Amino acid sequence: MSTRLCALAASVALLTALAVPAASAAPGAAGGTGGTGAAGSRAPTVNLATNPGFELPSPNLADWGSIPGWNCTGGPAEAAVTTTAARSGTSALAVTPANADSTGECAQTVAVQPDTTYTASAWVRGNFVYLGATGTGHDVAPAWTETTSGGWQQLTTRFTTGPNAHSIRLYVHGWYQQGPFSVDDVRVDGPAPAPAVAARSIPTTDKVVFFTVDDGWQRTPEAERFIADHHLPITAFPMPMPAGTDPDFFKRVTAVPGSSVQDHSVSHSDLSKLPLEQQQVEICDARDTMTRLFGTAPVVFRPPFFTWNSDTLQAAANCGIRTVLPAGADFSWGASDIWHPGLLQPGDVVLMHWTDTLAADLPRALAAAEAAGLKPAGLVDYLH
């Protein structure tokens, strides 16, 4: 017997021993119980999964072959959205593990509330398919099936988050040498996080301002040198494509303590014109890219064009974002616009862009801050 098949046998034995009512495979739909926190409060139950039916298109400027909302171990080499034989709608996820060392796992991060019960479910087809969640704060036995006998079968697992859990990792995968599998109609049912808060400035009495720089298409050594020479804390809001093209640049320009890389969407679209589900893909996929590239999950979202609506605030929260941040002043491309009377004020957020003018925009913004008796500070240090 091969090593992988031995591992399969051991896994089956272990999971059989662990089998509990909270993790099951059922031929019919599972009823969600809603979310009940430690205090016994009950909130509306919604599906928190991103792109749960694999129906949403990839945003413009997304990586070719990416699956919106999902991160798969082998990328497009293993996982693809197919328009044939979907359980519902027009599309489903089809995974063919590329080799004997792959289970073809696809996963996503889901924002949750602490001390709250959630139900995860997915319809699957294939042999030895698993659905589970990690990062809940408690051990959770995955739901799994030995075979769906060629049809669709629903896997369901229920978990209660720990007191410090604000996100979980939801995953689906097959097993070594067990062939392809399909997934459709994923759900994470429970109460959504409270909507994010939109703010043009950061409330503080400290004499500080916050320099933010967007997009990332034009990266100049002159701007990088000015940031380093003046020890400026910078909050960068690059898009995934330029960030992925030159991640070392963004690591260098955010090396000053208090600096960070945050979320600016995938395609720089006007999100207020998109439904919540597509806004969630834009924000969550950008979050995932920044987390992968820079090691820290963003907590701030900069809406493109400073346009947003109530769906944007909820979509941001569903991606683990607590603050949606436009700005109170613009020093991009030679401008010196302060959008309130007088000089810069404590807590003002200053907008700039990664352009060929940034090396001149930065000293002008710094002079405006000094004229008001203010100094640049790290934005993340002032978020609570």
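Counting only residues that are charged (D, E, K, R) and either open to solvent by 40 Å² or more (accessible area, probe 1.4 Å) or modelled with pLDDT under 95 (or both), how many does segment 300-327 have?
2
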### Message
Please pick out the residue among Thr148, Thr161, Thr157, Thr136 that is open to solvent by 10 Å² or more (accessible area, probe 1.4 Å) and hydroxyl-bearing (Ser, Thr, Tyr).
### Response
Thr148
### Query
For segment 195-229, how many residues meet the condition of being assigned to a helix (DSSP H, G or I) and buried (at least 22 other Cβ atoms within 10 Å of the Cβ)?
2
### Query
Looking at (1) surrounded by 22 or more Cβ atoms within 10 Å (Cβ to Cβ); (2) within 17 Å of Leu155 (Cα to Cα), which is the one condition that is false for Asn127?
(1)
#### Entry: Test: residue in segment 274-284 that is of a type outside the set (Lys, Arg) and not in a helix (DSSP H, G or I)
yes
### segment 112-163, residues that are basic (Lys, Arg) and in contact with a Phe, Trp or Tyr (Cβ under 6 Å, 6 or more places away or on another chain)
Arg125
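Okay, residues lined up against (1) assigned to a strand (DSSP E or B); (2) open to solvent by less than 60 Å² (accessible area, probe 1.4 Å); (3) of a type in the set (Asp, Glu):
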site	(1), (2), (3)
His340	no, yes, no
Gln345	no, no, no
Val349	yes, yes, no
Met352	yes, yes, no
Asp356	no, no, yes
Asp361	no, yes, yes
Arg364	no, no, no
Ala368	no, yes, no
### Query
How many residues does segment 180-191 contain that are in a loop (DSSP other than H, G, I, E, B) and either open to solvent by 30 Å² or more (accessible area, probe 1.4 Å) or of a type in the set (D, E, K, R) (or both)?
1
### Query
Pairs, please: C-beta under 7 Å, at least 6 apart or cross-chain, first residue touching a residue at least 24 places away in the same chain (Cβ under 8 Å) and within 26 Å of Leu383 (Cβ to Cβ) and in segment 210-228, second basic (Lys, Arg) and open to solvent by 10 Å² or more (accessible area, probe 1.4 Å)?
Glu224/Arg252
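The values are calculated or read from the model by the stated rules, or taken from the named source; none is laboratory data. As the structure is a computational prediction, the values presented were derived from the model and not from experiment. Reconstructed Cβ throughout: ideal geometry from the backbone, glycine too, with neighbour counts over all protein chains shown. Heavy atoms of the whole protein, side chains included, go into the accessibility calculation; ligands, DNA and RNA do not. Shrake-Rupley method; radii C 1.70, N 1.55, O 1.52, S 1.80 Å.
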